[in-house]
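Every read-out reported here was derived from the displayed coordinates using simple, explicitly stated rules and does not represent laboratory data. Not measured: the values here are computed from a predicted model. Heads up, the Cβs are rebuilt from the backbone with ideal geometry, glycines too, and the neighbour counts pull from every protein chain shown.
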Amino acid sequence: MNSRIGCAVIGHGGMGHFHSHRMVESPELDFIGAFDVIPSRTSDLHEGGKAFESMDELLADDRISLVTVATPNDVHKEIVIRALEAGKNVVCEKPVTMTLADLDDMIAAARKAKRLFTVHQNRRWDPDFLAMKNIFDKGTLGRVFCVESRVHGSRGIPGDWRNQKEHGGGMVLDWGVHIIDQMLMMTLPRKLVSIYAHLDNVTNENCDDGFHVEAIFDDGLVFRTEVGTSNFIALPRWYMLGENGSAKIDGWDVSKGEIVMVSDWENRDAVPIIAGVGLTKTMAPRTDDTIKRYPIEQVPGDWRDFYRNVCACIRGEAEPIVTHDQQRRLVRLLELVFESAEKNETLKFSL
Ligand SMILES: NC(=O)c1ccc[n+]([C@@H]2O[C@H](COP(=O)([O-])OP(=O)(O)OC[C@H]3O[C@@H](n4cnc5c(N)ncnc54)[C@H](O)[C@@H]3O)[C@@H](O)[C@H]2O)c1
């Protein structure tokens, strides 16, 4: 008997292909097929995979218990609810949707159908995130008072639906949803108090092609997230400041990251230096006898745990890793990012 969970993909573009390939590789999943409004997108399914001619045909297939939705953002809600109503368990690509009201409708549909509904927040397994979260959780740097997390590119927004607001385009909803989710996961159980956001429109007037968000937490932590698509010189992916040291990862490669810790706080005999046209003692670089440098510890993590968890939830053996409450907090925060930028105001957050 086949005890694997039958699954399918709706929306078989870039990310749909990612999912169908991973489903084929998974020993727990049985990939049945995919549907896309553009038929050529399902012409290259692996042997045996069915190219469904309509969403109704896919949703009526009793072999399918799990559907992953990987369409543009503006149609997630409608498709997720239809799949839940057809009795399917559902994984939705990020951003799950654009408003808290829409998300609540999706959650209500999942509760009514008594089916799993979760979101593919895959970047919770990124090695750079896991490594920086480990430093944060362990208190390696002493009390952390500032974190900066950013992604910088220099290609503007690719010319598909991603640069069209009506399809849920823009960098807040594309990359922001990943790095803001990482921020919310890293800082638990702190409360987020307020945010201030600024959106960029450098190459794109229709939707944001970059943003800066400053979030303040109840212990005073300042957490800055930033995405840029016109950054020909990239700043570090991660920069973390604690009372006793700093940590940095320049790109995605944790092995190139570095921690610098103070080893002798009492040694205060800084020698003034000439900086620019002035003299400074405060900004004089530290000498090697008062600091120590360490590599950043790599933390084991396996993205495949996402689908392992989905399968375990469907079998009734686990609770979802990506929960409705986490998604409600995230989507509410994304709403506030747009509102703060529009009003040019710092806004209070409560959820
Ligand atoms: N988690 C990640 O790392 C990650 C990375 C990239 C994209 N995404 C997300 O995946 C989703 C898809 O992005 P993409 O890059 O694959 O886009 P894409 O444009 O490459 O693919 C989207 C596909 O959906 C199809 N489609 C559109 N409307 C449809 C409908 N009503 N029914 C069925 N198919 C429909 C399109 O024809 C297209 O083939 C988005 O929500 C995006 O944010 C997630």
Total charge dipole magnitude, the chain, about the Cα centre, Cβ charges on Lys, Arg, Asp, Glu only, Debye to nearest 20: 660 debye
Net charge over other residues, Cβ less than 15 angstrom from the Cβ of S255 (K, R count +1; D, E count -1): -2
Could you tell me the center-to-center distance, by alpha carbons, between the stretch 4-57 and the stretch 68-115 in angstrom? 18 Å
For helix 14-25, report the angle its Cα long axis makes with the longest principal axis of the Cα atoms of the chain; keep it between 0 and 90° and round to the nearest 10°. 70 degrees
Cα-based equivalent ellipsoid of the stretch 35-183: semi-axis lengths in Å, sorted from largest, via gyration tensor: 32, 20, 16
No solvent, one uniform scatterer per C-alpha: report log10 I(q)/I(0) for the stretch 160-267 via the Debye equation at q = 0.11, 0.13, 0.23 1/Å, two decimals. -0.45, -0.61, -1.30
Dipole of the chain [Lys/Arg +1, Asp/Glu -1 at C-beta], most positive-end residue of H21, P320, F338: P320
Taking the dipole of the stretch 126-223 about the Cα centre (Lys, Arg +1; Asp, Glu -1; charges at Cβ), the one of T140, M171, V193 that reaches farthest to the positive side is T140
At 20 °C in a medium of viscosity 1.002 mPa s, the chain has a Stokes-Einstein diffusion coefficient, with Rh taken as the Kirkwood radius over alpha carbon pairs, in µm² per second, of 97 µm²/s
With 22 Å as the limit, write out which pairs from K133/K248; K77/K191; K50/K88; K94/K256; K165/K343; K138/K191 have Cα-Cα distances beyond it, or answer none. K77/K191; K94/K256
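What do you get for chymotrypsin sites (Phe, Trp or Tyr not before Pro) in the stretch 262-311 restricted to DSSP loop and a cutoff of at most 11 other Cβ within 10 Å of the site's Cβ?
In loop regions of the stretch 262-311 (DSSP not H, G, I, E or B), the sparsely surrounded chymotrypsin sites (Phe, Trp or Tyr not before Pro) are W265.
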Between V193 and E25, what is the spin-label point distance in nm, taking each point 7 Å from the Cα along the Cα→C-beta axis? 4.4 nm
Test of understanding: ordering S263, S154 by Cβ neighbours within 10 Å, fewest first, what list do you get? S154, S263
